[in-house]
1. Given the condition free of Cβ contacts under 8 Å to residues at least 40 places away in the same chain, within 39 Å of the chain's Cα centre (by Cα), part of a strand (DSSP E or B) and under 20 Å from residue 320 (Cα atoms), answer yes or no: does some residue in region 177-188 qualify?
2. Which of the following residues is surrounded by fewer than 18 Cβ atoms within 10 Å (Cβ to Cβ) and free of Cβ contacts under 8 Å to residues at least 40 places away in the same chain: 137, 153, 146?
3. Take the residues in region 242-259 that are closer than 23 Å to residue 357 by Cβ and touching a strand residue (DSSP E or B) at 6+ places or on another chain (Cβ under 6 Å); name whichever of them is modelled with the lowest pLDDT.
4. Are any of the residues in region 337-347 touching a strand residue (DSSP E or B) at 6+ places or on another chain (Cβ under 9 Å) and closer than 18 Å to residue 72 by Cβ?
5. Give 219, 239, 232 a once-over and let me know the one that is surrounded by fewer than 16 Cβ atoms within 10 Å (Cβ to Cβ) and either touching a strand residue (DSSP E or B) at 6+ places or on another chain (Cβ under 9 Å) or part of a loop (DSSP other than H, G, I, E, B) (or both).
6. Based on what the data block shows, is residue 106 out of contact with any strand residue (DSSP E or B) (no Cβ under 7 Å at 6 or more places or on another chain), over 23 Å from residue 183 (Cβ atoms) and crowded, with 19+ Cβ neighbours inside 10 Å?
7. In region 345-357, how many are part of a strand (DSSP E or B) and surrounded by fewer than 16 Cβ atoms within 10 Å (Cβ to Cβ)?
8. Tell me, please, whether a residue that is assigned to a loop (DSSP other than H, G, I, E, B) and within 30 Å of residue 370 (Cα to Cα) can be found in region 145-168.
């Protein structure tokens with residue numbers, strides 16, 4: 001009775017360890033590429049000759065993700081590798097050791113043959129790795145169970161020889177297929193942000209006292225199909241005033257005088273359309289509205305000019321990296337953007353002023369397939 005219980009436990013252990021996806025300790029692994037199996041890779045056990053299982057190869061196929069490149073495009077590929085576990089693999093003392101080894105080697109070679117087929121399907125269909133995996137997970141089990149039955153659990157030597165020859169031919173004729181760049185449709189919704197340099201070059205009447213604002217700019221974008229909505233802000237310095245009595249703040253009885261430093265910036269909400277959206281370049285005509293402001297302080301009193309701003313122009317983007325996650329189906333673009341706008345600001349106290357607004361920034365935008373979630 002005790003021997004029967006131990007044999008049944010060994011059978012369960014073998015079945016569990018031979019499932020695709022089982023994790024092994026790294027120091028107990030032997031990779032198929034390491035070379036042929038030896039008897040040292042197996043534990044010899046005393047098993048009742050009447051028991052169904054007389055041998056166990058604890059095998060697995062490790063799956064690892066790596067990044068493939070095609071120009072500026074990056075995407076995930078799955079790499080597979082056949083391994084066995086020395087700690088969990090065994091054969092019965094009732095079997096001839098040489099044939100027990102050949103039987104398990106033929107089984108392990110069969111795992112490698114099917115793994116290579118799976119790898120080629122991974123390479124050809126990088127967007128459908130889950131479906132490929134599910135198909136081959138069943139195929140591994142079916143093929144090995146078939147060989148187990150044909151060889152009468154490793155006791156039919158002719159069946160083992162036939163499998164050895166079949167494996168040899170398939171392994172010798174194998175060629176790994178090149179990794180195909182996946183075809184995909186960019187998800188509809190995306191969220192991103194940018195940081196960089198921005199500037200305002202003013203015309204009259206502001207140009208009489210201030211020519212230009214050099215600023216730090218940042219913002220956020222919401223993508224919906226070809227439409228883009230953005231919220232941005234720009235803040236920086238304007239240098240020193242070039243003219244006395246440039247502006248009088250009647251609310252604070254404050255005179256903007258020559259030589260004093262001032263600052264400025266703007267905030268806006270805009271909408272754009274991706275008129276051009278290629279693998280490397282994108283052009284997005286954009287219109288928006290917001291506020292522009294100029295500020296000066298002498299340490300005791302501060303004064304600000306502000307006004308409603310209308311703007312129209314375009315954003316030109318160079319996509320230096322595009323990243324597609326073939327598992328989660330997420331998509332990301334990293335860009336260098338050039339912004340060029342014509343702006344009209346109605347400053348209180350000075351009136352209507354036109355300016356050229358520009359910027360250079362780095363952006364990161366991530367699209368998500370909400371239907372997949």
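The values are calculated or read from the model by the stated rules, or taken from the named source; none is laboratory data. Remember, it's a predicted structure, so these values are computed and weren't measured experimentally. Cβ coordinates were reconstructed from backbone atoms using ideal geometry, including for glycine residues, and neighbour counts include every protein chain displayed.
1. no
2. Working: 137 fails: free of Cβ contacts under 8 Å to residues at least 40 places away in the same chain; 153 fails: free of Cβ contacts under 8 Å to residues at least 40 places away in the same chain.
Answer to the selection: 146.
3. Initially, region 242-259 is screened for residues closer than 23 Å to residue 357 by Cβ, giving 242-243, 246-247, 256.
The next check asks that each one be touching a strand residue (DSSP E or B) at 6+ places or on another chain (Cβ under 6 Å); those that pass are 246-247, 256.
Details: 246: 79, 247: 84, 256: 85.
This residue is 246.
4. Looking for residues that are touching a strand residue (DSSP E or B) at 6+ places or on another chain (Cβ under 9 Å) and closer than 18 Å to residue 72 by Cβ, one finds at least one in region 337-347, hence yes.
5. On the way: 219 fails: surrounded by fewer than 16 Cβ atoms within 10 Å (Cβ to Cβ); 232 fails: surrounded by fewer than 16 Cβ atoms within 10 Å (Cβ to Cβ).
Of the residues listed, the single one that is surrounded by fewer than 16 Cβ atoms within 10 Å (Cβ to Cβ) and either touching a strand residue (DSSP E or B) at 6+ places or on another chain (Cβ under 9 Å) or part of a loop (DSSP other than H, G, I, E, B) (or both) is 239.
6. Details: out of contact with any strand residue (DSSP E or B) (no Cβ under 7 Å at 6 or more places or on another chain): yes; over 23 Å from residue 183 (Cβ atoms): yes; crowded, with 19+ Cβ neighbours inside 10 Å: yes.
Yes, satisfied.
7. Pass one, region 345-357, residues part of a strand (DSSP E or B): 345-347, 351-357.
Subsequent filtering for residues that are surrounded by fewer than 16 Cβ atoms within 10 Å (Cβ to Cβ) retains 346, 351-352, 354, 356.
Here the count works out to 5.
8. Of region 145-168, the ones assigned to a loop (DSSP other than H, G, I, E, B) are 151-156.
Of the ones still in play, those that are also within 30 Å of residue 370 (Cα to Cα) are none.
No, that holds for no residue.
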